[in-house]
Each structure stands twice: as structure tokens, then as C-alpha cells.
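The values are calculated or read from the model by the stated rules, or taken from the named source; none is laboratory data. Bear in mind that the values here come from a model prediction, so they are computed numbers and not experimental data. Backbone-built Cβ (ideal geometry, glycine too); neighbour counts: all protein chains shown. Areas reflect the complete protein model, heavy atoms only, side chains present, ligands, DNA and RNA absent. Shrake-Rupley method; radii C 1.70, N 1.55, O 1.52, S 1.80 Å.
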Amino acid sequence: MNISLPRISMAELFLGKVLVKNNRDQDELDTEREVWERLENRVVLLYFADSGSPRCREFSPLLKDFFVKLTDEFYVNRASQLALVYVSRDRSEEQHEDFLKDMPKRWLLVRFEDEEFRRDLENQFSVSEVPVLVVLKPSGQVISPNAVDEVERLGPPCFKNWQEVSEIIDRSFLLPEFCDDHASRSVSDPIRRIKYKVESDSKKKERKRSDDDDDGGGGGEGGGGAGFF
């Protein structure tokens, strides 16, 4: 079923708004540049949920597992180009914070006190009942108005379907300076290993020459003491 939803760029969607990180201090991404850097060239999920709803309590652990298996280096060599913004329908800030304690630290949030913006997002994406998981291209175009069922049925493999239609640039084709720090380190690791090997081989040769010199100049029984080699 095709649902007509507004096409709006990611920059316009969060223009003048504040997102926060799901860390202990809930640090704000307080500039448009910071927000854009966290969302650009990524498939973006908007998760509308009420942690008190039985249906949301059932789905949220699945979504957590889905997100972690795509973004945590324990499961993947490189985190997938995926971002998630949680839009709360919780009845109280305490309920909101209790729910987030068990959710991934890489999630971003619309501030609970920014009720007007949360309601605006619900209206823009025709959210009536929750949970709703809107899937967006980096451009802001809707890939899926609600992927809850898709995530439940397919799990992490459904990300490939989104990636294929999302028009994101594969990071493997980006220069190291445009990749995450983790990826940059991975690219340079082989160079460091080669350098280390060259330096180690050089030191071994120097040590061998030094030992040969000692053997030749020691004479008698002292020279025979180099029997380790």
C-alpha cells in the first residue's frame, strides 16, 4: 500500500531543532553541522514509540538488536550507514528516561520537552498508532512509512534493501578522511604493519651484525659463548 507522505530534505526536517545523544548526559547536537554530520549519507530511521505500550515493549528489544547488529563493531567490521532518531510518545519524562537506559548509545533523540516538534513529526509522517518506524533516504524521501513488520520478519538483512534504494555512497569508495575514525584506522593499519615489519627486520640485521662482530673479536672460549644462535 502506497501512502503519500511529504518529501522533505533531512536539513529541512531538523532545521533549527536540537537532537540529543542517548548517553548519560544526553549531550545536545547543538549546531546544524553536528546534526548533519550524524545523519548525512545514512539511511535514517525515525522511531515513534510509547514505552508503556505492550506492542512497543514487544518490538523495541527487536529494534535494539537490529540496530546493534548493524552498527556495533562486535558484529560487523564496519558500522552500517544507519542512524536512528527516537521520537517519544511516553507519558512522562521518567518513563522516557527509564526506557532509554536499555537502548543503544548511538541512538539520537528528540528532546522530551520539545513536545511541539514531536507532534509536528507525528503529523508529517501520519503517525496515529505506535510503534512506527519510518525509513528515510539521506535526502529525506520516504523509503518505508512503517518498517516494523519488515524488521520483525527479516531482521538485519532488510537493511540491504533500504541501502540499494537509498542513494547513499558506499564508504568503501570514500577517501579515509571522509570515513569514521574507526574506518580510517583500519585503512592505515596495513601501512603501519609494513613499517613495523621493515623496522623489525632492520633491527634484527643490526643485532646479527653486532653478534658476528662480537664472535670474531672475542677469541678463544669467550667467542664460543654465543651458542644461542
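Points worth noting:
- Which listed residue, of Asp102, Asp98, Asp25, is assigned to a helix (DSSP H, G or I) and more than 14 Å from the chain's Cα centre (by Cα): Asp98
- Residue list for the range 125-143, restricted to those being open to solvent by less than 20 Å² (accessible area, probe 1.4 Å) and out of contact with any helix residue (DSSP H, G or I) (no Cβ under 6 Å at 6 or more places or on another chain): Phe125, Val127, Val132, Val134, Leu136
- Residue check for Phe99: crowded, with 16+ Cβ neighbours inside 10 Å, under 27 Å from Val165 (Cβ atoms) and modelled with pLDDT of 95 or more: no
- Condition met for Glu122 (among the acidic types (Asp, Glu), at negative phi and open to solvent by 40 Å² or more (accessible area, probe 1.4 Å)): no
- Selected residue (only one of Phe112, Phe66, Phe74 is open to solvent by less than 10 Å² (accessible area, probe 1.4 Å) and aromatic (Phe, Trp, Tyr)): Phe66
- Residue match in the range 51-60 (condition: in contact with a Cys (Cβ under 8 Å, 6 or more places away or on another chain) and surrounded by 15 or more Cβ atoms within 10 Å (Cβ to Cβ)): no
- Test for Phe48: is it aromatic (Phe, Trp, Tyr), modelled with pLDDT of 95 or more and surrounded by 17 or more Cβ atoms within 10 Å (Cβ to Cβ): yes
- One residue from Lys17, Lys64 being at pLDDT 80 or above and in a helix (DSSP H, G or I): Lys64
- Test result for Arg91, modelled with pLDDT under 90, surrounded by fewer than 20 Cβ atoms within 10 Å (Cβ to Cβ) and not β-branched (Val, Ile, Thr): no
- In the range 61-80, the residues that are closer than 14 Å to Trp107 by Cβ reach residues that are among the acidic types (Asp, Glu) with C-beta atoms within less than 8 angstrom, at least six apart or across chains, in these pairs: Lys64/Asp102; Ala79/Asp72; Ala79/Glu73; Ala79/Asp180.
- One residue from Glu32, Glu28 being surrounded by fewer than 17 Cβ atoms within 10 Å (Cβ to Cβ), under 24 Å from Ile143 (Cα atoms) and not small (Gly, Ala, Ser): Glu32
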